[in-house]
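The values are calculated or read from the model by the stated rules, or taken from the named source; none is laboratory data. Being a predicted model, the structure only gives us computed values, none of them experimental. Cβ atoms come from the backbone with ideal geometry, glycine included; neighbour counts cover every protein chain shown.
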Amino acid sequence: MLTAAEAAEQLGVKLGTLYAYVSRGWLKSYKRKVGREALYRRSDIEALRGVSMPERGRRARSLPDASSWVTVAQPQTNGTHAGVIVAESAVSSITEGGLAYRGYPIEELVERASFEEVCLLLWHGERAASADIEALLDAISNVEMPSAVAAALEAVGREGTPLARLAMTISALAAVERPAPNEPQINHAARIMGLMPLAMVGGRTRHVTAARSDIAGRLLHRCLGEALEWERFAIGRILVACAEHELNASTFAARVVASTGADLYASVLAGLCSLSGPIHGGACDRIEGMFAELEQGTKIDSILASLNQHHLLPPGFGHAIYPQGDPRAVLLKKVATEIARRRGKRLLETAFKIEEAVAKRQRLRPNLDFYLTVCVRMLGFPRGLPAGVFALGRAAGWIAHSLEQYTDNRLIRPRMRYRGLPLRHWE
């Protein structure tokens, strides 16, 4: 077995590039029974050298240097700036209308994987061993709200939105628990994920039940006061569907902050701040507003006509990346149908009517936000919580992208085309 430094020397690469090879699945690392240092099989390194280094007259097949993964912009051939490729990543992919995390189709993960399993998959690149899953669950169960963070949330008050409370939580946590120099950032991931469910609603937040619980259970206990098994399963599937979606605005913000060398708290906070914008994370709130109008007696056609008059799309419908329909919406529509067997049937029927009316009028299909909002409200969560649930799920992806950025970092510093006045002089 070789240490990371020895393996990197054998391959002739930097440590960051070695870790990037692990992230991409080209090389496997092994943990010591004692300590945290990763080891590498000599035979694996020698096999990798055969394709990465020219030796004994063989023609090498080069592996890309990880430093080239970031800040390479490839504009669209049609001259637009939408969909410009600015980085490479091994975290997720969107191809031909399908979404996959680390190569696993989203459909399989929503049906078969727990949210904790998906977190570890996104963070480490491979399916986690049972011991690692148990360790994450134990770490999450032991997370309590620090008194300084609880005091900051009390200052926000009960009126603070879930996203505002989450941002305050991460800010306060970063202030009281500064990472030690050279400490692996992954060490803070479980603390972030375990604390976020406790911060979304007002009230006493310092302690939770002593019973061992997963992230979904903590969220249900904090917001609803109970955690039935079928509810935990439903919330888990919702979180998995929200966990990752390539380089969206909030994920890009998180990666930019990580590229500066800032810690994981700062990267997650950047994602939260980006999500607070109405164009990105505000869709859930607007969807809830539409349902509220319907409950007050407004007709669906009147709402859609008003939106059309103002050149606005119906909230929760349409997606630039999925012209044929958002696969995550299909999955959460199925979750909503299963929830309706126990509660929320009336709300789901209204959702079906909205979907039918929008399809007939504008030929648009629902996206993740629409059926995420429907599911969360059907479960009994108060207004405003769908956006918070989305942030909790997406935090797993922000952490994954930040960790990938750290592996062989290069400052993300794009350029802009100047369109202002010509050069002039101050006289």
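Every residue in segment 223-240 that is part of a helix (DSSP H, G or I), surrounded by fewer than 20 Cβ atoms within 10 Å (Cβ to Cβ) and free of Cβ contacts under 8 Å to residues at least 60 places away in the same chain, please.
Once the filter is applied, which keeps residues that are part of a helix (DSSP H, G or I), surrounded by fewer than 20 Cβ atoms within 10 Å (Cβ to Cβ) and free of Cβ contacts under 8 Å to residues at least 60 places away in the same chain, segment 223-240 yields 229, 233.
Here are some residues: 171, 147. Which one is of a type in the set (Ser, Thr, Tyr), over 17 Å from residue 222 (Cβ atoms), surrounded by fewer than 20 Cβ atoms within 10 Å (Cβ to Cβ) and in contact (Cβ under 8 Å) with a residue 60 or more places away in the chain?
Answer to the selection: 171.
What residue, among those in segment 215-265 that are under 18 Å from the mean Cα position of the chain (by Cα) and charged (D, E, K, R), is nearest to residue 382 (Cα to Cα)?
Step by step, filter segment 215-265, then rank; the result is 237.
Pairs under 6 Å by beta carbon, first residue at positive phi in segment 360-380, partner surrounded by fewer than 23 Cβ atoms within 10 Å (Cβ to Cβ), six or more apart or different chains?
These pairs meet every condition: 380/224.
Determine which single condition residue 333 fails, assuming it passes every other condition in (1) in contact with an Asp or Glu (Cβ under 9 Å, 6 or more places away or on another chain); (2) outside any helix (DSSP H, G or I); (3) crowded, with 18+ Cβ neighbours inside 10 Å; (4) not β-branched (Val, Ile, Thr).
Condition (2) is where residue 333 drops out.
Could you list, in sequence order, the residues of segment 163-192 that are within 20 Å of residue 116 (Cβ to Cβ) and assigned to a loop (DSSP other than H, G, I, E, B)?
Across segment 163-192, the qualifying residue is only 184.
Please go through (1) at pLDDT below 70; (2) under 30 Å from residue 3 (Cα atoms) for residue 40 and return the number of the only condition it doesn't satisfy.
Unmet for residue 40, out of (1) at pLDDT below 70; (2) under 30 Å from residue 3 (Cα atoms): (1).
Tell me which residues, restricted to segment 15-29, are modelled with pLDDT of 80 or more, surrounded by fewer than 17 Cβ atoms within 10 Å (Cβ to Cβ) and assigned to a loop (DSSP other than H, G, I, E, B).
28
When you check residue 403 against the structure, is it at pLDDT 95 or above, in contact with a Phe, Trp or Tyr (Cβ under 7 Å, 6 or more places away or on another chain) and either part of a helix (DSSP H, G or I) or more than 22 Å from residue 277 (Cβ to Cβ) (or both), yes or no?
Yes.
Which one of the conditions (1) at pLDDT 75 or above; (2) not aliphatic (A, V, I, L, M); (3) not in a strand (DSSP E or B) does residue 93 fail to meet, given that it meets all the rest?
Here residue 93 clears every test but (3).
Please tell me if residue 347 is aliphatic (A, V, I, L, M), farther than 17 Å from residue 289 by Cα and either in the same structural domain as residue 311 (by TED's automatic domain parsing) or buried (at least 20 other Cβ atoms within 10 Å of the Cβ) (or both). Walk me through how you get there before you give the answer.
On the way: aliphatic (A, V, I, L, M): yes; farther than 17 Å from residue 289 by Cα: no; either in the same structural domain as residue 311 (by TED's automatic domain parsing) or buried (at least 20 other Cβ atoms within 10 Å of the Cβ) (or both): yes.
In short, no.
Taking the stated definitions as given, is residue 283 within 13 Å of residue 367 (Cβ to Cβ) and touching an Asp or Glu at 6+ places or on another chain (Cβ under 7 Å)?
Working: within 13 Å of residue 367 (Cβ to Cβ): yes; touching an Asp or Glu at 6+ places or on another chain (Cβ under 7 Å): yes.
Yes: the conditions hold for residue 283.
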